[in-house]
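Worksheet: one structure, shown below.
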Amino acid sequence: MDILAHGLCTSAAAILLARRAATPIRLGWALFFGVLPDLASFTVPAVLRIWWRLTGVTSTLLPQPGGPRLDWVFGLYNCFHSLLIFGVVFTAVWIIVRKPVWELLGWLLHIAIDIPTHTGWFAIQSLWPVSSFHFDGIPWETGWLLAATYTSLAAAFHCLWRTRARPANSAPTQSHPH
Ligand SMILES: [Zn+2]
């Protein structure tokens, strides 16, 4: 799933959870953690590639044979797409702040969606660094899958909008003393 779809999907899930959960869910933080794995993996390399292009180190924004290599990006990618690392962070934060931080589940949702929608170099090693086991899924950029993703997201937001909370009394409000 691309980062925009991840953001929309996390937002929809967080809005739904916020309606049902007893504790408030901060949508901004849920959204942040929902895109964190890709932001953390790709922001630095993107900035570096733009910098190298601007300073003439490379002649293209794309990786080139013989050009600077960014092998460590895969370390970051694997780290932020690992269920084990997520579990450790979620538990550590829970212990530190003495309550579960539900917004972190946006991160878990990101990994859960990426596992069946990545293949090859970008296949998700969900048990990294203990195991490099991975599942070759259907690439998210496959035409029909991309269409299905955005159709589902549009349907989800339509449902959320249709079922949004409305004021109990839609008549013109009058201020009255409490
Ligand atoms: Zn991802």
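Values quoted throughout were computed directly from the atomic coordinates according to the rules given, and no laboratory measurement underlies them. A quick note: this is a predicted structure, and the numbers were derived from the prediction, not measured. We place every Cβ from the backbone using ideal geometry, glycine too, and count neighbours over all the protein chains shown.
Here the calculated FRET efficiency for E141 and F74, from their Cβ-Cβ distance with R0 = 22 Å, stands at 0.70, rounded to the nearest 0.05. Simple rule: put +1 on each Lys or Arg Cβ and -1 on each Asp or Glu Cβ in the chain, find the dipole, and look at I124, A18, I138; the Cα lying farthest toward the positive end is A18. Label sites at L61 and I96, each approximated as a point 7 angstrom past Cα along Cα to Cβ, lie 3.4 nm apart. Positive-end ranking of L36, L105, L48 along the dipole of the chain, with charges on Cβ about the Cα centre, is headed by L105. Here the simple spin-label model places points 7 Å from the Cα toward Cβ, and for L16 and L160 these points are separated by 1.0 nm.
Simple point charges give the picture: +1 on the Cβ of Lys and Arg, -1 on the Cβ of Asp and Glu, and for the chain a dipole about the Cα centre of about 700 debye. When each full DSSP H helix of the chain is screened for a Cα extent of at least 30 Å along its own axis and an average Kyte-Doolittle hydropathy of at least 0.0, the helices passing are 27-54.
One quarter of the convex hull surface, Cα atoms only: what value does that give for the stretch 35-113 in nm²?
6.4 nm²
Sites count as exposed loop sites when they are trypsin sites (Lys or Arg not before Pro), lie in a DSSP loop, and have at most 12 other Cβ atoms within 10 angstrom; the longest stretch of the chain without one is 1-68. Considering the dipole of the chain built from charges on the beta carbon (Lys and Arg +1, Asp and Glu -1) around the Cα centre, which of P167, F80, Y150 is farthest to its positive end? After comparing all options, I get P167. When shorter helices are ignored and each DSSP H run of at least 4 residues is given -39500 (n - 2.57), the per-residue value for the chain at 222 nm works out to -19000 deg cm²/dmol.
Derived from the Cα gyration tensor, the three semi-axes of the equivalent ellipsoid of the chain are 37, 21, 18 Å, largest first.
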